Every structure is written in structure tokens, then in C-alpha cells.
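Below: one structure, written as C-alpha cells.
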Amino acid sequence: MAILKVNNLRTYFQSPRGLVRAVDDVSFELCDRQTLCLIGESGSGKTITAHSILGLVKDYPGIIGGEIWYKDKNLLNGLEKFCKVQHNGNVVEIHKDAGKWEKQYASNLTNIRGKRIGIIFQEPVSSLDPFFKVGYQIEESIQNSDETIGKKEAREIAISWLEKVKIKFPKQIVNAYPHELSGGMSQRVMIAIALASKPDILIADEPTTSLDPTTQIEILGLLQSLQDEYGMSIIFITHDLSIGANIADTIGVMYAGRLVEFAPRDNIFNYNFIHPYTEGLLNSIVPNNNSDNFIRGEVPNSISLPSGCKFHPRCDLMQTLNNPLMCQESEPAIEFAESNHSIRCWKFNK
Amino acid sequence: MYYAESSQPMRFRKGFNIHIIVGLLLSSFFLLGSVLGIFLSDNLTHPGYEHLPPSDPVIKYLLDRQTQSSFQLESHVSDKFYLLGTDMEGRDIFVRLLSGSFNYLWGGFITIVISILLGIFLASLKYYYTKSQLTVPANFIFNVLDSFPRIIIVIIILFITNFSFYALAITIGLLNSTKVTMIVGANIEKLKNTQFIEAAKELGVSDFNIIIKHILWYNSRAQLIIQIIFGFASLILYEATLAYLNLGAPESIVTWGKMIYEGIGFKAAYLLKNGLLWESLPAALMIILTLLGFNLLAEGVAKRNSENY
Amino acid sequence: MVIFYKVIKELLVSILILLTSTYIMFVLLGQFTYKNTTQGIQKYSFNDINDEYFSWTIYLITKGEFPNQTKSIRDVNSIISQGFSRTFSIVAGSIVVISLVFIPVGFVSGYKKLKLSKLFSTALFIISSVPVFLLSIFIRPFWVNNFGQIGLGQSNDLFLRIGYFSIPVIILSIGDGLGGEIIKHVEDSVSSIEKEKYILAASARNAKIIPHLLKNSIIPIFSILSSRITILLGGALIVEYIFFSEGITKAALQALQDKDWNVIIAIAFIFSVIIVFMNFLNKFLSIIIDPRLRS
């Protein structure tokens, strides 16, 4: 049962040096009570995908196409009339009325943002307003979930949530300011804020990247226990494939704004039909006898992407194909290699 | 709204936006005058008089015509062409404008040198060497300078030094140094704990080098340029305001403020009705355009430097 | 409790700064005025200045009013009490105009980026680069014709009174670069705060952003206001001179021409008090509001 289905999402940004295709034709789905791990290097578009789902993208032009289905409702419904896109080869023409688009999107997202879909961020200390007490910020989220809750009641609920995320002395922390908390504690506070309305989906945008390894394990354990308790689905964004090994049911790999692979966890870690990029990522964490297991080359500049398949300058699989020039000239579409395993590579496409 | 991507996206060459261009245009007279003024340097004491020797009957002719402003493009007896006419005493307005801008240039130069040197000195003591012995006195001097009522201090110092123009420039430099201190201090504090500064210190780069080269020149050049522009603008502003109050520079130095004052001053009867008369108008326009040009220039530099661009 | 000690420390430092700047003004004044003694007119020596300073300060603290040290025809306190309300009303009026008009427009310009407010701020920026005295000269004939008959502001017609008072106030709050700087600074602060991560996180939980923006931007906005107060006071000098208003700044100009020591030092002291008070208020506000400065 897919609780979130993203189809052909495109989010572009205009910069002085050119058009940045941050999220380009990304499609995936999230099943109920499952964990999807979005993996990719910095700049591959994972964070922008998460922000697009929640309507947090403020720059221009932003989301220009696609569908985001939450249960049976398309969040990008009715927005096509404000945004017209034409592709002429390499040139993209975008006509978008940003003001009206934002308003319509915001009204589509009422009752969803913060209530049914929550998000936690990468650096928890700077994601909390330094001028307000931590308790106030939790209460904001609680009052968002249900406007009828009064101040006192909200405070009690906030303290109970701090207990649920396993913070010691919750009554003191409720009155604390964000700069007084450590990284792990403020991440727990962020989790409490996100879960205050008991959402169906939690998007975790690299929540453990800035924490030290012991705290990392605690937070991951906390997330998993809360997932079991409240029946949530989690989208976990990270650049660390070993976390995916631990907690993921499905794994999506992103590269240069494209989703290059979407497969169940076991398929990936058993090296079944995997994309060369994923193979490179796996090789760099699994200890092998060869010490030079790295992907040669560098992540491409978002403005000047390679032609054809975006990964081909770094790909070792190209030579084994009958027609290696195809990788340089045209981009493979994402297709199913197996029933639930889709991949974007000419080797595995028919 | 229309966006297209092609192989060469079209935009201004990085470095010039509309603010800088308009700002440069408007303040160009100032810059022009400052350059040309170098060639007028031997006539700085009596600018404009070089066209009219004292015994010229034209002066008498002009002085007799007390009630009329003298914007005339006709050449006089000496068949010189006066671009903007002459004022009551027969001095060529255009030449006086040029020479005024030259004086402002030198005064402004003194102002900015003092304000930037003192500002960097105080900011380093306050924010960089935070544990040294000189920090508390530097802090104290900064706070005292910051809390002076500027216009009164300036007037008092003008009285003491007998209205010397360069004393005014030095005083304004001292008073503006607090703003420079705050800006430089903010930059030092922002960059002090970054890793590249730490690395530089480990490599043995001297403190002087770190502050001047790495923090200031590489990272806060734009803000210093804005402070320099602000220094010139504040000198012109103060000088014009004080000259209007009859506290301006003495005879030998020509400034735009003085030209405004002289244009109005003798015509008290016209003051209520007309406000401003022709002799003062070129100088007033010049002040407005130059200040506007400076402000736009500063805004353009700030916009170019910010990430929003 | 820590807050209390910090505030008291700032207060003491402010008082010290006030005393020092008054001393420096005494030194400067001593250079250009002369003393009437029994032996005739003499220059002030260093000891004389110290004596004058101490006796002046002690008189001020004990009796609460300004002393008349050198013999002069006018009494300092009466001059100040006559003119203080005029100057205070003009300066306070322009602060009100700034806070009620410029700052909200800058706020809206930075947050919502409405075209109308951006137009307003650009127009204000252009007008504000004109010096106060030029603006006053251009507007004064119009003002005299329409509102000038009032004299010292006594009239029953509300429109005349408002016009009489508001035009100098508006000129004071715009000119000398003040209006443009303030609105630009407010715009920049608000738009840079809006880019912060906690605003993004707050909008992700559908919280109202305006309380967050307000609380974070109060300190930068107030700091630009308090650092521009000297320009405001300087402009008040011109505005009073041109618009025939009998305030203390006009008296100060007069006293500087006449070299009347008492009045100059008293008015300069009042200005210093205002400036030091605004700086103190700035630090006080940042201690009270910003939790990071409390530990």
C-alpha cells in the first residue's frame, strides 16, 4: 500500500550562471510502515526532493512538474495551469506565475504539512529559533496539529513528548533555549516537534550527519522504536549507505538530480542488477581486499552536466556494452529490471 | 515570467549593475572636477579670478547689477565664454564648481585615511586581541567617540581652528571611525574562528598580515569601499550644512557649500519668497547629484557583493 | 540575576562615558573662549578647566539644574526649559515617523517583497540623499505660505497645526541619508533572517513566522536607530534654524556665535545624554532579548 507516490517530479532553479536541474524526473513510492532510504552525495538533489514534497522550496522557479500523491490526493493538483514548460532539446522554457502557484499549493497542503507529513533537519541546533524556548517551539507544532488545545494543555503534551523521545529531566528542558542543548538532545527535540501531531510520514533529512557515532546509534534506535509504536513510514535521507543497510526496507539512489536506482534493500546488498554508481558506493563501504575501491572522477557541476547518461564519465561498465556511445549520447529511462527494482542504465534496459 | 536556458545565459557582465552605472554617471562631475582640479592648482587661492583681473570693468558692471541674478551665456568684454555664468562677484561658477570638487577630494582623502586607519586599529584591539592590555582603553575610546554629539563637536572645533577646512576633514574622519570600527569588527569576529584563519596562524602568518590581507582585503573589500564612499559623502554633507550656517571655510578655499551660502546670503529680502537663487542653484544641484551618485554607488557595490545577485 | 548585574555594569560604563565626553568638551571649549577674571581677559589653563569641570558637575548632580558659571545675561535653565519642549517634540516626532512608517515598510519589503513597498523604499532612498538644509530650503516657501502664519504654533485649525508641525518632522526623518539608510538596513536584516534555517523549520511545522521574524529582527533594527540618533540631532539643528522654531539647538547656535559657555556646555551635555542613553538602551535590549548573551 503506497502512502506516498512521487511521479516525475521536477524542481529547477534559476541561478546567474544558468539553470540548475536540482530534481529531474524523480519517481518513487513509499509503502505504509516502511522505511525508504534516499542515498546520494551532496548536491544530488535529495534535500530538494524532501523540501518539494512539503512545499518549502522558495527559490525561482521551484517545482515545475510532476505529481505527488499522498494516499489518494495529488498535492500538485490544479497547478498545471499556472506553470507551462516546453522542452526544446537542451533549452527549457518555463512560464510560471509564482504567486498564484504558491497560494494554490499552500491551500493544497493544508492539513498535510506538519500534520500528516513531518520533517526533521540536518543541523538541529540551528533549526531551532535561538530566541524562543524549546517548549514554545514544541507547543507551536502541537497547536498546529489541533487548534483547540490550550496553552496549559499544550505544555503538558510537550513535556510528555520530551519523555517519549527519552530526554532526561523534561521539565527543565522545556524551559531551555536551543543553544543550551547538545546536538543529540536538540535532535530529539526536533523529533518531538515533528511527531507531535502523529504524522503518517516522517522525512528525516540527514538527521545524524552532524552527530557523533554513539549519538547516531541512539537516534536511529529512537526513530525505529517510534516508527513501530506509531506506525509511521520514514523517508530517511543520507549519504551513508551503511545506515541504509541497518534500517531501510527500500533504497533509492540519487545522482545529479536523477533517481538512478530504486530497489529493495536486499537486492542492493546482494549485488543484484545494480547500477554502477551503487556498486561503487557499496564497494567503498564493504571491506575488500582491493584498497583502491573508489569511484573515479568527481561529482559533476550542477550547471554543466554531462550529456547522455549523467554518470558515464565515471562509469566502468560502459566498455562492456555493445554500443558504449549510447551512454554518451542519450539518457536511459528508468525501467524495471525486476518487478520491484527499477534502474536507470543502458546495460539493464531492453 | 520567462526563463530559458541556452548555452550562454544573457546577463550583465558580472561587476556592473544598474546602481553602479547610474551612480558613476551622477558622481562623474565630482570625479571629473577632481581630476581637472589638478590642473587648476595654481589658481586655488582665487579660483575664477584668473579670467577676470581685478581691475576689469566687468566686475564693476556685475556689481552694479545688484538685483538680478547673472545667468548669461553671452560673453563679456574679455570674450571668455562662461559655461554657467558668474556669480555676484564675477567669478566663473563652473570653474568654482570644479575647484570645489577638487577640494572635496583632498578633504575626503584625509577623512577616509583617518577613519579607516583608526577604525582598523580600534577594531583589531577590540575584537582580535581580546585579551591584551590595550583592549579596555580601546573599547573606552571607541565608546567615547561614539557618544559625542557630532555636530556640536564639529562646530566647536571649527571655532578653535578658525574654520580650517582640513580640520573639519580630520574631525569628520575621527567621528566616522566608529562606524568603520563596527564594520571591520563584525568581519573580524565572523572570520576569527574559521578554519582557514586558524590554518594561517599555524603556518606562521603574522597577525598584521592576517588582519589586513586575509580578513580585510580578501573578504571585506566591498564593505570598506562602501565606507570610503560614505566618508566622502559625509564630508560633503557636513561641509555644505555648516557653510549654510555661515560656518564654512575661509576665503581661500572654495567649496560647494560656500557657493550656496554666497548665493543666498546677501539677498535676505528674497529669502522668504524665493528660497534659492541662481547663483546657488548649480552648487545645490551638484551636491544633490553627487550625493545621490555616491549613495547609488554604495548600494551597487553592496548588491554586487551580496549573494542575492 | 546575572542579567541584573550585566545591566548595572552597562549603566555604570555609560555614566563613565558621559562624564568623560563632557570633560573633553570642557577641554575643547576652553580653547576657544576666554575667561573674565579680575586681571582681565585670559586664556583658560589646564587647572582652570579642571576646576570648572568639577564645580559644574557637582553643581549639576547636587542641584539638578545647570549652573551659570560665567556671568552672562541669559539664564541657562530658563533657555533650556523654554526650548526643550520644541526640540523634543520635533525629534520625538521624527522618531515616531521612522518607527511607524519607515520600519514597517522596510519590514514588509524584506519579508513579502511587495512591489509597492520596494518602490516606496527606492523613492525614499533617492530623496534621502538630499541634505536636510537643501530639502528645507526647497520646501520652506511652500510651508510659509500655507502654514507659516501660525507663528509659534498657536492655532485652532487642526489641519494648520498638523501641517505646521509635520513638514519639519518629515524632512528631519528623511534627509541627510537617514531615511534611506534605515529602510535599507531594515530590509537587509529581515531578508537575511528569513533565509535562516529556523525559519524554514518553523514553516515546515506551519507555525506563524511573523513572531519569529519580529523577535529576531528587533535588535538589528533598534541598533541602526540608536546609531543614527546623532544624525537626527544634527538635522534638528538645521530644521530649527530654517523653520523658525525656537528650540534648544537654535539657542546652541546662538550661544556658539556669542561664545556663551554655559549654554553650549549644557546643550551639548543634553545631546550626549540622549546619545549615551540610546546606546545603553541598545545594549540593554540585546541583553534582555537575546538569550545567548545571558550566560
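The values are calculated or read from the model by the stated rules, or taken from the named source; none is laboratory data. The structure presented is a predicted model; accordingly, all values stated were derived computationally and were not measured. Cβ placement follows ideal geometry from the backbone for every residue including glycine, while neighbour counts extend to all protein chains displayed.
Can you confirm whether A:ASN323 is assigned to a loop (DSSP other than H, G, I, E, B) and closer than 16 Å to A:ASN349 by Cβ? Yes; evaluated as a whole, the condition is true for this residue.
Residue-wise test of (1) at pLDDT 85 or above; (2) outside any helix (DSSP H, G or I); (3) within 14 Å of chain B (Cβ to nearest Cβ); (4) in contact with a helix residue (DSSP H, G or I) (Cβ under 9 Å, 6 or more places away or on another chain).
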| position | (1), (2), (3), (4) |
| --- | --- |
| C:ASN77 | no, no, no, yes |
| C:SER81 | no, no, no, no |
| C:SER94 | yes, no, no, yes |
| C:PHE102 | yes, no, no, yes |
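For the condition touching a residue at least 12 places away in the same chain (Cβ under 8 Å), exposed (fewer than 13 other Cβ atoms within 10 Å of the Cβ) and either more than 19 Å from the chain's Cα centre (by Cα) or part of a strand (DSSP E or B) (or both), A:PHE294 qualifies. Pairs are defined by a Cβ separation below 7 Å, a sequence spacing of at least 6 or placement on different chains, a first member in region A:220-235 that is surrounded by fewer than 17 Cβ atoms within 10 Å (Cβ to Cβ) and at pLDDT below 90, and a second member that is among the β-branched types (Val, Ile, Thr) and not in a helix (DSSP H, G or I); no pair meets this definition.
Please verify whether region A:266-277 includes one or more residues that are among the acidic types (Asp, Glu), at pLDDT 80 or above, under 26 Å from A:ARG10 (Cβ atoms) and not in a loop (DSSP other than H, G, I, E, B). The answer is no, given that none of the residues of region A:266-277 is among the acidic types (Asp, Glu), at pLDDT 80 or above, under 26 Å from A:ARG10 (Cβ atoms) and not in a loop (DSSP other than H, G, I, E, B).
Here the condition is being surrounded by fewer than 13 Cβ atoms within 10 Å (Cβ to Cβ) and under 29 Å from A:PHE13 (Cβ atoms); of A:ALA248, A:ALA333, it holds for A:ALA333 alone.
Return the only residue of C:TYR241, C:TYR198 being among the aromatic types (Phe, Trp, Tyr), more than 14 Å from chain B (Cβ to nearest Cβ), assigned to a helix (DSSP H, G or I) and farther than 19 Å from C:PHE102 by Cβ. From the options C:TYR241, C:TYR198, the qualifying one is C:TYR198.
Which pairs do you get when a residue that is within 9 Å of A:GLN122 (Cα to Cα), found in region A:201-215, comes within reach of a residue that is surrounded by fewer than 21 Cβ atoms within 10 Å (Cβ to Cβ) and not acidic (Asp, Glu), reach meaning Cβ atoms under 7 angstrom, with the pair 6+ apart or on two chains? Sorted first by the residue in region A:201-215, then by its partner, the pairs are A:ASP205/A:GLN122; A:GLU206/A:GLN122; A:PRO207/A:GLN122; A:THR208/A:GLN216; A:THR208/A:LEU220; A:THR209/A:GLN122; A:SER210/A:GLN122; A:SER210/A:GLY183.
The residue of region C:110-123 that is surrounded by the most Cβ atoms within 10 Å (Cβ to Cβ), among those that are over 25 Å from the mean Cα position of the chain (by Cα) and part of a helix (DSSP H, G or I), is C:GLY110.
Results for (1) among the β-branched types (Val, Ile, Thr); (2) free of Cβ contacts under 8 Å to residues at least 60 places away in the same chain; (3) over 23 Å from A:PRO264 (Cβ atoms); (4) out of contact with any strand residue (DSSP E or B) (no Cβ under 9 Å at 6 or more places or on another chain), shown as yes or no for each residue.
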position: A:ARG21; (1), (2), (3), (4): no, no, yes, no
position: A:PHE82; (1), (2), (3), (4): no, yes, yes, no
position: A:ALA98; (1), (2), (3), (4): no, yes, yes, no
position: A:TRP101; (1), (2), (3), (4): no, yes, yes, no
position: A:THR110; (1), (2), (3), (4): yes, yes, yes, yes
position: A:LYS115; (1), (2), (3), (4): no, no, yes, yes
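Being part of a loop (DSSP other than H, G, I, E, B), within 14 Å of chain C (Cβ to nearest Cβ) and polar (S, T, N, Q): is that true of B:ASN162 here? Yes: the conditions hold for B:ASN162. Only one of the numbered conditions (1) of a type in the set (Gly, Ala, Ser); (2) more than 30 Å from A:ASN111 (Cα to Cα); (3) facing another protein chain (nearest Cβ under 9 Å) is violated by C:SER226, and that is (3). For region A:112-141, the set of residues classified as surrounded by 24 or more Cβ atoms within 10 Å (Cβ to Cβ) and more than 7 Å from chain C (Cβ to nearest Cβ) consists of A:ILE117, A:GLY118, A:ILE120, A:PRO124, A:VAL134, A:GLN137, A:ILE138, listed by residue number. In this structure, B:ASN143 qualifies as within 14 Å of another protein chain (Cβ to nearest Cβ) and under 21 Å from C:THR230 (Cα atoms). Just checking, does region C:248-258 include any residue being within 11 Å of chain B (Cβ to nearest Cβ), under 22 Å from A:PRO178 (Cβ atoms) and not hydroxyl-bearing (Ser, Thr, Tyr)? No, region C:248-258 has no match at all.
Taken together, the criteria exclude B:ALA186 from residues that are farther than 20 Å from C:MET25 by Cβ, touching a Lys or Arg at 6+ places or on another chain (Cβ under 9 Å), among the small types (Gly, Ala, Ser) and assigned to a helix (DSSP H, G or I). Among the residues making up region A:233-258, those that are over 15 Å from A:HIS341 (Cβ atoms) and part of a strand (DSSP E or B) are A:SER233, A:ILE234, A:ILE235, A:PHE236, A:ILE237, A:THR238, A:MET254, A:TYR255, A:ARG258.
The residue list B:LEU224, B:LEU191, B:LEU168, B:LEU175 contains one member that is of a type in the set (A, V, I, L, M, F, W, C), surrounded by 14 or more Cβ atoms within 10 Å (Cβ to Cβ), in a helix (DSSP H, G or I) and touching an Asp or Glu at 6+ places or on another chain (Cβ under 7 Å), which is B:LEU168. Can you find even one residue in region C:132-143 that is farther than 21 Å from B:GLY293 by Cα, at pLDDT below 80, part of a helix (DSSP H, G or I) and at the interface with chain B (Cβ under 9 Å from one of its Cβ atoms)? Yes: region C:132-143 contains one or more residues that are farther than 21 Å from B:GLY293 by Cα, at pLDDT below 80, part of a helix (DSSP H, G or I) and at the interface with chain B (Cβ under 9 Å from one of its Cβ atoms).
Condition check ((1) modelled with pLDDT of 85 or more; (2) of a type outside the set (Gly, Ala, Ser); (3) under 24 Å from the mean Cα position of the chain (by Cα); (4) assigned to a loop (DSSP other than H, G, I, E, B)) across all residues:
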| position | (1), (2), (3), (4) |
| --- | --- |
| A:LYS81 | no, yes, no, no |
| A:LYS100 | no, yes, no, no |
| A:SER107 | yes, no, yes, no |
| A:ASN111 | no, yes, yes, yes |
| A:GLU123 | yes, yes, yes, yes |
| A:GLU139 | yes, yes, no, no |
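When C:ILE287 is tested against the conditions (1) out of contact with any Lys or Arg (no Cβ under 6 Å at 6 or more places or on another chain); (2) hydrophobic (A, V, I, L, M, F, W, C); (3) surrounded by fewer than 20 Cβ atoms within 10 Å (Cβ to Cβ); (4) away from chain B (no Cβ under 14 Å), the lone failure is (1).
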